[in-house]
1. Explain nothing, just compute: Karplus ³J(HN,Hα) = 6.51 cos²θ - 1.76 cosθ + 1.60, θ = phi - 60°, for every residue of the range 161-177 in order, whole Hz, x for Gly and Pro.
2. Can you grab the distance from the C-alpha centre of the range 184-226 to the C-alpha centre of the range 46-76, Å, no decimals?
3. Based on the inverse mean of 1/r over its pairs of different Cα atoms, what is the Kirkwood hydrodynamic radius of the range 2-85, in Å?
4. Over the alpha-carbon set of the range 79-217, work out the extent along each principal axis and list the three values in angstrom, largest first.
5. What longest region of the chain stays clear of trypsin sites (Lys or Arg not before Pro) that DSSP places outside H, G, I, E and B and that have at most 10 other Cβ atoms within 10 Å?
6. Which distance in Å, rounded to a whole number, links the C-alpha centroids of the range 95-163 and the range 1-44?
7. Hey, what did the range 186-276 get for relative contact order, percent, Cα under 8 Å, at least 6 apart?
8. Leaving ligands, DNA and RNA out of it, report the carbon-plus-sulfur percent of the accessible area of the chain at a 1.4 Å probe.
Amino acid sequence: NQSQDDILKHADIAMYQAKTAGRNTLRFFDPQMQASINARAALEADLRLALQEKQFKLYYQPQVYHNGQTIGAEVLLRWQHPEFGLVSPLEFIPLAEETGLILPIGQWVLETACNQIKVWDSNVQTQNLHLSVNVSAKQFYQPDFVEQVSQALRHGVINTDRLKLELTESLVLDDIADTILKMNALREIGVRFSMDDFGTGHSSLAYLTKLPLDQLKIDQSFIRNIGVKANDAVIVQTIIGMANNLGMDVIAEGVETEAQRAFLEKHGCRIYQGYL
Ligand code: MG
Ligand code: MG
């Protein structure tokens, strides 16, 4: 009861799997493959609707100074799916990047974050808080990215130095010349920069000194291994020392235990983010 079209389609799917598995190999069609392709297509269709249906939510994870004072937060994007509930960003961010939907979504995050800074402006308890926003490579390399950020700031915010953009090492290294130009232009209007997931990428010292960075953010994989893997603890200490010597702030993300926090403080890292 299979049509000629179905059979060709199945062969195509199997071939695609073989290519994904590194080519020069073979795969048989399995209905499970079709099911996962259908699920992905359905998720993509839902993702296209999510912005206009206002299904995205921003969560603010506090960043805390060693004396317990909250000094800011990182904006974390969540998708409240009408059927499935909260969809993990690990699932929908790669999809948003592949489909280009990351651009309107990223724009929305930026504007919403700037509006939040504006709201914080009117309260003495919150008016000094910084807000960190993750930026994807596609978004950053838009020719008018600098303009987009300054627009969002103009609409919402008086005190522009409270917006911090988190960039990753791989983003920065994609086109280092363009990155430096854009970062300097944004720095001019007061925007700050943090190097996210630091230590997991290429971590080249040569570029670190060329970029107008304010902060290194130690990746949570190293923090998790404090007290577990001696090497990772050494990496943490090295990053802290590097940041201090380069005159940058250093923040640890994924801090979940008092032991991790104490280790970080002992070695000179005084800003923390995470479930603890
Ligand atoms: Mg981040
Ligand atoms: Mg991170």
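The values are calculated or read from the model by the stated rules, or taken from the named source; none is laboratory data. Remember, it's a predicted structure, so these values are computed and weren't measured experimentally. We place every Cβ from the backbone using ideal geometry, glycine too, and count neighbours over all the protein chains shown. Quick note on the areas: whole protein, heavy atoms, side chains included, nothing else; ligands and nucleic acids left out. Shrake-Rupley method; radii C 1.70, N 1.55, O 1.52, S 1.80 Å.
1. Values, residue by residue: 6, 8, 8, 10, 9, 9, 10, 9, 4, 5, 4, 4, 7, 3, 8, 4, 5 Hz.
2. Between the Cα centres of the range 184-226 and the range 46-76 lies a distance of 20 Å.
3. About 16.8 Å, per the Kirkwood formula over Cα pairs.
4. 44, 38, 27
5. Longest site-free region, per DSSP loop and neighbour criteria: 55-276.
6. 39
7. It rounds to 25 percent for the range 186-276.
8. Of the solvent-accessible surface of the chain, carbon and sulfur hold 52 percent.
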